[in-house]
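Q: One structure coming up, written as structure tokens, with questions to follow.
The values are calculated or read from the model by the stated rules, or taken from the named source; none is laboratory data. Given the structure is predicted, the values throughout are model-derived calculations rather than measurements. Positions of Cβ are generated from backbone atoms using ideal geometry, with glycine treated the same way; all protein chains shown enter the neighbour counts. We work out accessible area using only protein heavy atoms, side chains counted, and drop any ligands, DNA or RNA first. Shrake-Rupley method; radii C 1.70, N 1.55, O 1.52, S 1.80 Å.
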Amino acid sequence: MPKEKSEFLFNAIAPIYGLFYDWQKKGFVKVIEEMKPHIDIGAYGSVLDVGCGTGALCSVLNEMGLSVTGIDPAVKMLNIAKGKPENQGVRFEVGNVLEGLPYPDDAFDLSISSFVAHGLVQSEREKMYAEMSRVTKSKVIIYDYNENRGLLTTIVEWAEGGDYFNFIKSTPKEMELCFTGLKRCFSQVQVVHTGKRGAWYICTPSKG
């Protein structure tokens, strides 16, 4: 989906996303606890949420005591996020990962992107992986769909016009094969399934 169309769409549907804010927070709390045997997010100091939307995940991370930055290209999504009293300690910024993240190398201990990757074409996903790897010291988490398709998800994703169908075919291989220049984006990718159709792709940034 072209950048301008994508930003217009997500600005337009921001009020609808806002209605699911509390439900999203509960879901994030649940999955973070479920993933704790694999990665303890509470052990990290600073975290970047790429494509943070209305800030539900940022809110959960902030309540865990992390130093949280959320970045998203949709201004109206961010306005909802900033309007939540519990998000006063979160730093929200307008920006698009496909244009490069406005942070120095290794700026964050951890970075997360939740259900963003499948809406991008492969070249855009690789740009996102490379940028998240660059700004992250320890772990990059791509929280998105696994290969198990469902009828409702198939219909919604077809209507949205993203790259869901190619994403679920090629993940996590494309993360393992992602290069920026002559360097791999990630030195290791661990896949941990959550629920029927979700997965955490826990990636170690390549610094060599």
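Q: Add -39500 (n - 2.57) for each DSSP H run of 4 or more in the chain, then divide by its residues: what number comes out at 222 nm, to the nearest 500 deg cm²/dmol?
A: Helices in the chain give a 222 nm mean residue ellipticity of -11000 deg cm²/dmol.
Q: Taking 26 Å as the cut-off for C-alpha to C-alpha distance, list the pairs among Lys76/Lys183; Lys139/Lys183; Lys127/Lys173; Lys26/Lys76 that go past it.
A: Lys76/Lys183
Q: Quick one: compute the contact order of region 54-208, relative version, from alpha carbon pairs under 8 angstrom and 6+ residues apart, as a percent.
A: Worked out over region 54-208, it gives 20 percent.
Q: Could you pull out every whole DSSP H run in the chain that spans at least 18 Å of Cα extent along its own axis and averages -0.5 or higher on the Kyte-Doolittle scale?
A: In the chain, no H run is both long and hydrophobic enough.
Q: Stretched out fully, how many nm does the piece from Leu182 to Asn166 gain, at 0.36 nm a residue minus the Cα gap?
A: Here the segment from Leu182 to Asn166 would lengthen by 3.3 nm.
Q: Next question. Can you tell me how much longer the chain between Ala43 and Asp105 gets when fully stretched, taken as 0.36 nm per residue apart minus their C-alpha distance, in nm with one decimal?
A: Full extension of this stretch gives 20.3 nm more.
Q: Equivalent-ellipsoid semi-axes (√(5λ), Cα gyration tensor) for region 28-79, whole Å, largest first?
A: Result for region 28-79: semi-axes of 21, 11, 9 Å.
Q: Identify which of Ala43, Ala117, Ala81 has the largest mean-square fluctuation in a Gaussian network model of the chain, with springs joining Cα atoms closer than 10 Å.
A: Ala43
Q: Let me cross-check Tyr17: its accessible surface, 1.4 Å probe, with only protein heavy atoms counted, in Å² to the nearest 10?
A: Rounded to the nearest 10, the figure is 80 Å².
Q: Find the relative contact order for region 47-86 and round it to a whole percent, using C-alpha pairs within less than 8 Å whose residues are 6+ positions apart.
A: Relative contact order, region 47-86: 49 percent.
Q: Find which of Gly65, Cys203, Val191 sits farthest along the positive direction of the dipole of the chain, computed with +1 on the beta-carbon of Lys and Arg, -1 on that of Asp and Glu, about the Cα centre.
A: Value: Val191.
Q: Under a plain spin-label model, where a point goes 7 Å from the Cα along Cα-to-Cβ, how far apart in nm are Val29 and Glu63?
A: Placing both labels 7 Å beyond Cα along the Cβ direction yields 0.4 nm.
Q: Moving to a separate point now. Rank by packing, highest mean first: peptides 191-197, 172-178, with packing defined as the count of other Cβ atoms within 10 Å averaged across residues.
A: Peptide ranking by packing, descending: 172-178, 191-197.
Q: Can you give the convex hull volume of the alpha carbon atoms of region 161-208 per residue, in Å³?
A: With only Cα atoms used, region 161-208 gives 82 Å³ per residue.
Q: State the cysteines of the chain left without a partner when partners are defined as other cysteines whose beta carbon lies under 4.7 Å away.
A: Cys52, Cys58, Cys203
Q: Over its Cα atoms, what ratio of radius of gyration to 2.2 N^0.38 Å does the chain give?
A: Here the answer is 0.94, to two decimals.
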